[in-house]
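Below is one structure, written out as structure tokens; the observations come after it.
The values are calculated or read from the model by the stated rules, or taken from the named source; none is laboratory data. Quick caveat, the model's predicted, so the values are computed rather than measured. Reconstructed Cβ throughout: ideal geometry from the backbone, glycine too, with neighbour counts over all protein chains shown. Keep in mind that these areas ignore ligands, DNA and RNA; they rest on the heavy atoms of the full protein, side chains included. Shrake-Rupley method; radii C 1.70, N 1.55, O 1.52, S 1.80 Å.
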Amino acid sequence: LTVLGSLVLSLMLGALYYYMLLLRQSPERAMRRGIRRGEFFVEYQPVFHTATASLGGVEALLRWQHPTEGRISPDLFIPYAENEGVIVPLTRHLFSLIVADLPQLMQALPPHAKLGLNLSPSHLSAPSFHDDVSGLLSKMPNNYFTLVFEITERGMVEEEHALAEFAWLHSQGIEIAIDDFGTGHSALIYLQRFALDYLKIDRGFVNSIGQDTVTAPVLDAVISLAKKLKMLTVAEGVETAEQMSFLQERDVNFMQGYYFCKPLSIEELVEFCRANPAFDHQASLISDI
Ligand code: C2E
Ligand code: MG
Ligand code: MG
Ligand code: MG
């Protein structure tokens, strides 16, 4: 019994050690290997026009299916990738995964749909940035999608550089959204100088709707600021009918969240769009995908 017990114990210790080695020793190597072995894929979350409840586009979200650890959240691996210098190859990989999905994306989405993707602020100052973006553009079907790059407030910090890059992106026909607005150090002066296209209201704000007395006036201020600066507003993380009507009353332009639809695999997206040609959220709430 004791022999068996110590054998089991050492096996367990071995497994634990292996796990530590895998993730603690070198997340960088694990990610580079993951890229080579096809462990990453993309899910697409539909974004809806508030006024018509019709589909306006999708946001591409990167996923990592690790062979032993299972699904690892982008909230975990994106910061790792940024710190370990893997973010540029990982983003190029994201581009190639989206390109591979293009036939199905065109099947699912109408012309002029928005195709949003998240860009790490540090990529903006990488030497390969223009080449990476041009490479993606050269593989996009002509004028079919409007690309929207979502960048958090951290991307606005190096002001002069960011201004130049945003101007270049605009010259390439790419639109820009400030993501998770309200979570970082929002120096409001940036917003005015940057002339961005969309302001994405962080889901933390959306989540607080109806929960306290400060959220409503803060959201009112943010939305009217965006309007004055001629930015379109997108609310993310809409989970309830109450949140939806609050945002509807304030003329937020687009909405995204579990209340409408979760992030979907490319196959699920094709199916979703086939079943909901002009999606009406009142009539057909999907909650069971
Ligand atoms: P994000 O860009 O703000 O993306 C929205 C996140 O909110 C996604 O989480 C999405 O699944 C989640 N979400 C959508 N609707 C709801 C809702 O109703 N309720 C709740 N609780 N959550 C909702 P996800 O996919 O885990 O991504 C987290 C973050 O990771 C993203 O935040 C983005 O900052 C980053 N990320 C994801 N993919 C990429 C990527 O390809 N590149 C980069 N640089 N960052 C990425
Ligand atoms: Mg985003
Ligand atoms: Mg966001
Ligand atoms: Mg976020």
field: Hydrodynamic radius (Kirkwood) for the range 56-165, which is based on Cα pairs only, to one decimal in Å
entry: 15.1
message: Starting from the 7 Å offset along Cα-to-Cβ, what nm value, one decimal, do you get for the label separation of V99 and T240?
response: 4.5
query: Around R203, what is the net charge, scoring Lys/Arg as +1 and Asp/Glu as -1 over all other residues with Cβ under 10 Å from its Cβ?
result: -3
- line: Taking Cα atoms only, Rg over Rh for the range 43-97 with Rh from the Kirkwood formula is 1.11
- prompt: Which number do you get for Rg(Cα) / (2.2 N^0.38 Å) in the range 133-193?
  reply: 1.23
query: Along the charge dipole of the range 1-148, Cβ charges K/R +1 and D/E -1, which of A113, H66, I78 sits furthest on the positive end?
result: H66
query: In debye, nearest 20: dipole of the range 125-253 around its Cα centre with unit charges on the Cβ of K, R (+) and D, E (-)?
result: 320
query: Going toward the positive end of the dipole of the chain, with +1 on Lys and Arg Cβ and -1 on Asp and Glu Cβ, which of L232, V42, S26 do you reach last?
result: S26
- prompt: Given R₀ = 45 Å, FRET efficiency for S125-L7 by Cβ-Cβ distance, to 0.05?
  reply: 0.25
- request: Determine, from the Cβ-Cβ distance of R193 and E271 and an R0 of 45 Å, the FRET efficiency 1/(1 + (r/R0)^6), rounded to the nearest 0.05.
  value: 0.60
- request: With unit charges on the beta carbon (Lys/Arg positive, Asp/Glu negative), name the residue among G135, Y258, H170 whose Cα is farthest towards the positive pole of the charge dipole of the range 115-270.
  value: H170
query: Which Rg and Dmax, in Å, describe the Cα atoms of the range 180-269?
result: 13.6, 42
field: Solvent-accessible area per residue for the range 22-152 (1.4 angstrom probe, square angstrom)
entry: 44
Added length on full extension, which subtracts the Cα-Cα distance from 0.36 nm per residue, S224 to V157: 21.8 nm
message: Explain nothing, just the number: dipole magnitude of the chain about its Cα centre with +1 on each Lys and Arg Cβ and -1 on each Asp and Glu Cβ, in debye rounded to the nearest 20.
response: 620
- prompt: How much solvent-accessible surface does T52 expose, in Å² to the nearest 10, with a 1.4 Å probe and all protein chains in place?
  reply: 90
Rg and Dmax [Cα atoms of the chain; Å; Rg one decimal, Dmax integer]: 21.0, 75
query: Just how large is the dipole of the range 1-126 about the Cα centre, in debye to the nearest 20, putting +1 at every Lys and Arg Cβ and -1 at every Asp and Glu Cβ?
result: 280
query: What spacing in nm lies between the two simple spin-label points modelled at L137 and A167, each 7 Å away from Cα in the Cβ direction?
result: 1.6
query: Rounded to a whole number, what % of the accessible area of the range 185-251 do carbon and sulfur atoms account for, probe 1.4 Å?
result: 54
Local electrostatic count at E242 - Lys and Arg +1, Asp and Glu -1, tallied over other residues with Cβ under 14 Å: -2
